[in-house]
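Inspection log for the structure reproduced underneath, given as structure tokens.
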Amino acid sequence: MVKEFESSINEKDFILQGIKEGLRLDNRDKYDFRQIGITFGPDYGRSEVTLGNTRVLAKVSCEVTRPYQDRPAEGMITLNTELSPMAFPSVEPGRPSEEEILVSRILEKAIKRSRSIDTEGLCIVANEKVWSIRVDMHFLDHDGNIIDAACIAAISALAHFRRPDITVIGEEVTIHSIEQRNPVPLSIHHMPICVTFAFFENGEYVVVDPTLQEEQIRQGDMTMTLNVHKEICALSKAGGTPLKMETIINCSQIATTRAKWITEQIQAALDAEKSKK
């Protein structure tokens, strides 16, 4: 198995000392995100997001299927994450790693459990046919904070996606091609945005959007999922250093402003793409 790149002891000490002095290697403030780039593919529902040097590709697809028995009038949303050995040298193909499982669970909480997508609007015929929406995320480059990058990619792709229009006569369903009718966008209630914090020196120092080198020396992390309405959709903290209540409240205030800024970035990219067509 190929070992993942790791900074030397001197580099780690240098990075930690800089964080204590309010300095970061890429000259960011401790609460700043790296530059976000959002591009859309030629097909509906394909987005590629760069967060600094971290790069994630999201692709949305759909098919007609039978609904779950306990939710006969609701469509389905499935999130699938794939950590590529190209971005994660230590990952074995075909075997999900702990990091992949963690990323998948956080994104599921952020997007599915927050009810950001109107699943009832995906129903075609109750108890018979619904739309099943699938989001595949591929991690192409890893330079830290893959969760936030994946969340931006997934939400951007879902907002950009268009499903085929349909006609229902009795129990007969006709699916129209893009050439016959304009495709239909998904009904999105809100855009959940993940904001990840890294903690150092027993929670005394905190940074937003940690790079890979900062992740290697952190003592803990926390991911908050919020929307522009200042609602906390999810909070995930998998171990690490314990945090004081004041620290969590302070982080929530920072996350609120960052979530609003990221939502504006996504909306601007969608508007720019729409003006091209």
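The values are calculated or read from the model by the stated rules, or taken from the named source; none is laboratory data. Just so it is clear, the model here is predicted, and its values are computed rather than measured. Cβ: placed from backbone, ideal geometry, glycine included. Neighbour counts: every protein chain shown. Just so you know, the surface numbers come from the protein's heavy atoms only, side chains and all, with ligands and any DNA or RNA stripped out. Shrake-Rupley method; radii C 1.70, N 1.55, O 1.52, S 1.80 Å.
Among the residues making up the stretch 26-73, those that are in a loop (DSSP other than H, G, I, E, B) and hydrophobic (A, V, I, L, M, F, W, C) are Phe33, Ala73. Within the stretch 122-159, which residues are open to solvent by 10 Å² or more (accessible area, probe 1.4 Å), within 18 Å of Phe40 (Cα to Cα) and in contact with a helix residue (DSSP H, G or I) (Cβ under 7 Å, 6 or more places away or on another chain)? Result: Ala159, single match.
Determine if the stretch 90-111 includes at least one residue that is in a strand (DSSP E or B) and either on the phi < 0 side of the Ramachandran plot or not small (Gly, Ala, Ser) (or both). No.
Among residues of the stretch 130-156 that are part of a helix (DSSP H, G or I), those with a Cβ under 8 angstrom from a residue that is surrounded by fewer than 24 Cβ atoms within 10 Å (Cβ to Cβ) and among the small types (Gly, Ala, Ser), sequence gap 6+ or separate chain, pair up as Ile155/Ser116; Ser156/Ala269. Taking first residues from the stretch 41-56 that are open to solvent by less than 10 Å² (accessible area, probe 1.4 Å) and partners that are charged (D, E, K, R) and outside any strand (DSSP E or B), the Cβ contacts under 6 Å between residues at least 6 apart in sequence or on separate chains come to Leu51/Arg34; Thr54/Asp143.
Out of the stretch 216-233, which residues are within 30 Å of Glu6 (Cβ to Cβ) and within 13 Å of the chain's Cα centre (by Cα)?
Answer for the stretch 216-233, where residues must be within 30 Å of Glu6 (Cβ to Cβ) and within 13 Å of the chain's Cα centre (by Cα): Thr223, Met224, Thr225.
Within the set Ile188, Ile193, Ile166, the sole residue that is in contact (Cβ under 8 Å) with a residue 24 or more places away in the chain and either among the basic types (Lys, Arg) or under 19 Å from Gln253 (Cα atoms) (or both) turns out to be Ile193. Considering only residues in the stretch 237-250 that are of a type in the set (A, V, I, L, M, F, W, C) and in a loop (DSSP other than H, G, I, E, B), the one that is most open to solvent (accessible area, probe 1.4 Å) turns out to be Ala238. Within the stretch 160-182, the residues that satisfy the criterion of being of a type in the set (Val, Ile, Thr), open to solvent by 60 Å² or more (accessible area, probe 1.4 Å) and within 31 Å of the chain's Cα centre (by Cα) are Ile175, Ile178.
Scanning the stretch 112-121 for residues that are open to solvent by less than 30 Å² (accessible area, probe 1.4 Å), of a type outside the set (A, V, I, L, M) and either part of a helix (DSSP H, G or I) or under 30 Å from Phe197 (Cβ atoms) (or both) yields Ser114, Ser116. When Met191 is tested against (1) under 30 Å from Glu120 (Cα atoms); (2) more than 15 Å from the chain's Cα centre (by Cα); (3) modelled with pLDDT of 90 or more; (4) assigned to a loop (DSSP other than H, G, I, E, B), only condition (2) is not met. Consider the stretch 218-236 and keep the residues that are over 9 Å from Ala198 (Cβ atoms) and assigned to a loop (DSSP other than H, G, I, E, B). The one that is least open to solvent (accessible area, probe 1.4 Å) is Asn227.
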